[in-house]
Protein chains: 2
Amino acid sequence: MRPKNLGKEEAIRTIALQIIAEEGLENLSMQKLAKAAGISPRTIYIKYNDKDDLLVKLYVDVVLSEYEKAILKGFNSEMNFAEGIKKLWLNGFEYLKNNKPYFALIQYGKSSPLLNKAYQKRDIKQGDFFGPIISFLDRNMQAGIIKKFPHDVYRALLFSPILELINEYFDYTERPQQIITDEVILACCEAITKGVTL
Amino acid sequence: MRPKNLGKEEAIRTIALQIIAEEGLENLSMQKLAKAAGISPRTIYIKYNDKDDLLVKLYVDVVLSEYEKAILKGFNSEMNFAEGIKKLWLNGFEYLKNNKPYFALIQYGKSSPLLNKAYQKRDIKQGDFFGPIISFLDRNMQAGIIKKFPHDVYRALLFSPILELINEYFDYTERPQQIITDEVILACCEAITKGVTL
DNA sequence: CAAATATAAGTAAACGTTTATTTACTTATG
DNA sequence: CATAAGTAAATAAACGTTTACTTATATTTG
């Protein structure tokens, strides 16, 4: 039996993310993807059931899963609150500013109904996806170090600003001077931390 | 000369936003829109040059323009910092939770390259779009009441959390209990305000 | 003051293109 | 040599947009 060419699977994923980042999710077609990857459209269907399956797997299994691995690197739920948040912010900034295609799909995850639903479905099943962050927050809430809010509220408070700052980082790569520097990220992180600390 | 039927123009806009909110921007087609609005596809082209023109006008002239009118209602740049931010947050929450289609397109504005670019182009030209908020921030920075950050950084710090909370508000409308209440919004607003205050 | 006219608004149906996906076939290797 | 991986080409459906035509009304004319 002829063996799978793993390089082709890799090419599909990489080039799909590239097209999404450069032209938008709405401009990714199976035929364009196949041509850009130098393969036949049929080959995509050997590896994925259909277009939705490809997109959901790209989003959940590739982008979100690697993103979370990256932001949790060197983090553990026993860390001091300010240090923990700082670690998560710097990890996120460092990772996403060097992986624009990943960031682009994360942004689409907030608007596209397909990706939105896919994430919710998997998130419930998985549970330990953002596990360390959840126990980190729980511990700090219980210890009276930070205000008591639901996890989803903390996600909005602590992590939506850093994603928006990364969005601006990419906007500013097309302008004469970058304003979203490590210093700005750190200052913002401190502001957010101060805001939720009791 | 036969006069324009303004009701049809209204229907195009309303139903387009509806389809985008319910099925996503990627599932809005001119033929689907025409059918749903009970008109011929040609009629859309009397009022808009092409699909991109329709989407950009929907986004900039309808959604963003009305959204900004709504959040600036009762706000002026001379307000006390905490009161001003509170007003903007409550206005935004009240308006968007009752106008889901508007919120949906605002979310797409962050990922879709078409809408992204359209906004930037117009924003530069217009200038006074978010004008009162910009002078509000400038005044408070100059007075040493809040930390010094570029406007774009303040947008991320002050307003991305409320948008994310509204996103969660809509998620929770499909669950047994709503957790994003006025009280939660106010508590979050206070946390954010505290974070940036000197 | 009505009938005729000019004209943009609007329609139904079609245009060529692109879409996601499949069919029929070829290729590489355990 | 069996078999799944892979290809080239085709499929029907949907896409954005246009063509050829009809309709409604503000204005002009008798």
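The values are calculated or read from the model by the stated rules, or taken from the named source; none is laboratory data. Since the model is a prediction, treat every value here as computed from it, not as a measurement. Using ideal geometry, Cβ is built from the backbone for each residue, glycine included, and neighbour counts are taken over all protein chains shown. The protein model used for the area step is the full one, side chains on, heavy atoms only, and it has no ligands, DNA or RNA in it. Shrake-Rupley method; radii C 1.70, N 1.55, O 1.52, S 1.80 Å.
Work out the P(r) tail for chain A: percent of alpha carbon pairs separated by more than 24 Å, whole number.
Percent of Cα pairs beyond 24 Å in chain A: 47.
Between A:F170 and A:K121, what is 0.36 nm times their sequence separation minus the Cα-Cα distance? Round to one decimal in nm.
So the extension gain works out to 14.7 nm.
Rounded, prolate or oblate for the protein assembly as shown? Axes are the square roots of the Cα gyration tensor eigenvalues, ordered a ≥ b ≥ c, and the cut-off for rounded is a/c under 1.5.
oblate
Can you list residues whose amide H is under 5 Å from B:I146's amide H, if they're 5+ apart or on another chain and H is modeled 1.01 Å from N?
Here B:M141, B:L198 satisfy the definition.
Taking each residue of A:81-88 in turn, how many C-beta atoms of other protein chains fall within 10 Å of its C-beta, and what is the average?
That average works out to 0.
Among the residues of segment B:169-198, which ones have their accessible area go down by 50 Å² or more when all the protein chains sit together, as opposed to their chain alone (1.4 Å probe)?
Checking the loss per residue gives B:A191, B:K194.
Write down the accessible area per residue of chain A in Å², having rolled a 1.4 Å probe over the full set of protein chains.
With all protein chains present, chain A gives 49 Å² per residue.
Any idea what the alpha-carbon Rg over 2.2 N^0.38 Å comes to for segment A:1-47?
1.14
Rounded to the nearest 100 Å², what's the accessible area chains A and B bury against each other, both chains counted, probe 1.4 Å?
3200 Å²
Using alpha-carbon pairs under 8 Å, 6+ residues apart, how would you state the relative contact order of chain A in percent?
That works out to 21 percent.
So how do A:180-192, A:33-45 stack up, highest first, on mean other-Cβ count within 10 Å?
Descending mean neighbour count gives A:180-192, A:33-45.
Counting only protein heavy atoms and using a 1.4 Å probe, what share of the accessible area of segment B:45-186 belongs to carbon plus sulfur, as a whole percent?
52 percent
How many nm separate the modelled label positions at A:M30 and B:K97, each set 7 Å beyond the Cα in the direction of the Cβ?
That separation, rounded to one decimal, is 4.3 nm.
Please give the FRET efficiency for A:K148 paired with B:Q178, using the beta carbon to beta carbon distance and R0 = 25 Å, rounded to the nearest 0.05.
0.90
Would you please give the FRET efficiency between B:E23 and A:K51, computed as 1/(1 + (r/R0)^6) with r the Cβ-Cβ distance and R0 = 22 Å, to the nearest 0.05?
0.90
On average, how many beta carbons from a partner chain sit within 10 Å of the beta carbon of a residue in A:102-113?
Mean shielding count: 5.
Mind checking the mean number of beta-carbon atoms from other chains within 10 Å of the Cβ atoms in A:145-154?
Per-residue shielding by partner chains comes out at 4.
Tell me, which residues of segment B:6-32 get at least 40 Å² less accessible area when the other protein chains come in, versus the chain alone (1.4 Å probe)?
B:E26
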